Amino acid sequence: MEKWFGSAGICVNGEGKILMVLQGRPEEKRVWSIPSGGLEPGETFEECCVREVWEETGYEVEIARPLFIKEGVTFGIDVEVHYYELKLIGGSAIIQDPDELIHEIAWKSADEISDLDLSFPEDRSFLLDFLKGQTYRMVTQL
């Protein structure tokens, strides 16, 4: 089985809300996710994360710190996703996704995240704990 590598970024604004995107192919149900995507040839995981956030949201970010690596099988694909905490440094909300999979950009509170349909439901507890100020430095398995 070929392995898919990617990055995901957690960016929290001054109101304590996480930057999220509504995504999905036209034939699929649309679901919420933190900005994320696949590693391109010659790119580091950090570069991938910064690029994906910019493409999907229009925001410029920098890596604050690595959080954890999630490994396992998702939708029948062996994956390794590197999660980072991000610092917002500029830009504004605009969808620039070359894959045309992003339909909305929003900052979501813990209460909202509790009720959202997530593309990766296993991330819900992490996102809620992150907003409560808990620190994650670990490797997780799906």
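A short reminder: the numbers here are calculations on the coordinates, not readings from a lab. Being a predicted model, the structure only gives us computed values, none of them experimental. So basically every Cβ, Gly included, is an ideal-geometry build from the backbone, and we count neighbours across all protein chains shown.
Observations
- Working from Cα pairs under 8 Å separated by at least six residues, relative contact order for the chain is 31 percent.
- For the chain, the 222 nm mean residue ellipticity estimated from helices alone, with every DSSP H stretch of n ≥ 4 adding -39500 (n - 2.57) and the total spread over all residues, rounds to -5500 deg cm²/dmol.
- Cα gyration tensor, segment 1-65 - rounded (a/c under 1.5), prolate or oblate: oblate
- GNM flexibility winner over the chain from I77, I63, I105 (Cα, springs under 10 Å): I77
- In terms of its alpha-carbon gyration tensor, the chain comes out rounded; the largest-to-smallest axis ratio a/c stays below the 1.5 threshold.
- Percent of beta bridges antiparallel (DSSP, segment 3-141, rounded to nearest 5): 65 percent
- The order of R25, R124, going from fewest to most other C-beta atoms within 10 Å of their C-beta, is R25, R124.
- Taking every lysine pair in the chain that is 8 or more places apart or spans two chains, those with Cα atoms closer than 24 Å amount to 14.
- Total charge dipole magnitude, segment 3-141, about the Cα centre, Cβ charges on Lys, Arg, Asp, Glu only, Debye to nearest 20: 440 debye
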